[in-house]
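The values are calculated or read from the model by the stated rules, or taken from the named source; none is laboratory data. Fair warning: this is a prediction, and the values are worked out from it, not measured in the lab. A quick note on method: Cβ atoms are made from the backbone with ideal geometry, for glycine too, and the neighbour counts reach across all protein chains shown.
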Amino acid sequence: MTTELKEAGLAPSHEVERLVEAARDSLTDDMVSRLAGFCGEGLDLVDRASRSGLAQAIPLIADMVHNGDLERISQLARVYQSAQDALTDEMVGRLAETMGEGLSLLDRLNRGGAGRLVQMLEQLESTGALEKIANTLPVLLDKLDMVAGLLTCLESAATKSKVTPTAGGIGNLWQLMTNGETQQSLQFLVSLSQQMQDRCAKAS
């Protein structure tokens, strides 16, 4: 430093010389080692930044800052952190239990032939039968009470015919044929038969 001052044409004073000597004496080996380590780490950081393409990422980060994308990412990170902090051990346990039950249900469906059921549904869809079923099912549900009542009537009639004995003879037959309820029942059966014949003829 004294030489540089002399070359610059400035004659150093005794105070400056003592100051330079004091600064030189105050530099211990530990300080020199730390300065060297700091310089080495700085150069290593610059080298890694250059290799990782940080120079190319800086314009993208600048665009994200101008567009507000970086702020939105930061907000999403805060929301995620808040949700993570809000999750208690009980909630985590219930979520894990729910996921376990869902996986168990999927496994049972797979073992129970859910794949075959899906194939059947695909075949019904390809043939148009699934649409027919979907259109017919509401009507069938509306008539379900009538079907249940019909089956109940058939069961009651079968039970009554077993319990009630029938007397033979032409007189009893004549009395049965002249009964108004019998004629009404026969008329109902004839009408039912006619309706079934008409429906079968339309279907064929």
Within the stretch 69-80, does at least one residue satisfy the condition of being over 30 Å from Leu95 (Cβ atoms), out of contact with any Lys or Arg (no Cβ under 9 Å at 6 or more places or on another chain), without any contact (Cβ under 8 Å) to a residue 24 or more places away in the chain and of a type in the set (S, T, N, Q)?
no
Scan the stretch 159-191 for residues that are modelled with pLDDT under 80, part of a helix (DSSP H, G or I) and among the aliphatic types (A, V, I, L, M) and jot them down.
Val163, Ile170, Leu173, Leu176, Met177
What number of residues within the stretch 1-15 are surrounded by 10 or more Cβ atoms within 10 Å (Cβ to Cβ) and at pLDDT 70 or above?
0
Options Leu140, Leu103, Leu150, Leu154; residue that is more than 30 Å from Leu192 (Cβ to Cβ) and part of a helix (DSSP H, G or I):
Leu103
Spot the failing condition for Val32; the list is (1) out of contact with any helix residue (DSSP H, G or I) (no Cβ under 9 Å at 6 or more places or on another chain); (2) at pLDDT 75 or above; (3) surrounded by 10 or more Cβ atoms within 10 Å (Cβ to Cβ); (4) not hydroxyl-bearing (Ser, Thr, Tyr), and only one is missed.
(2)
Check whether at least one residue in the stretch 56-67 is of a type in the set (D, E, K, R) and touching a helix residue (DSSP H, G or I) at 6+ places or on another chain (Cβ under 9 Å), and report yes or no.
yes
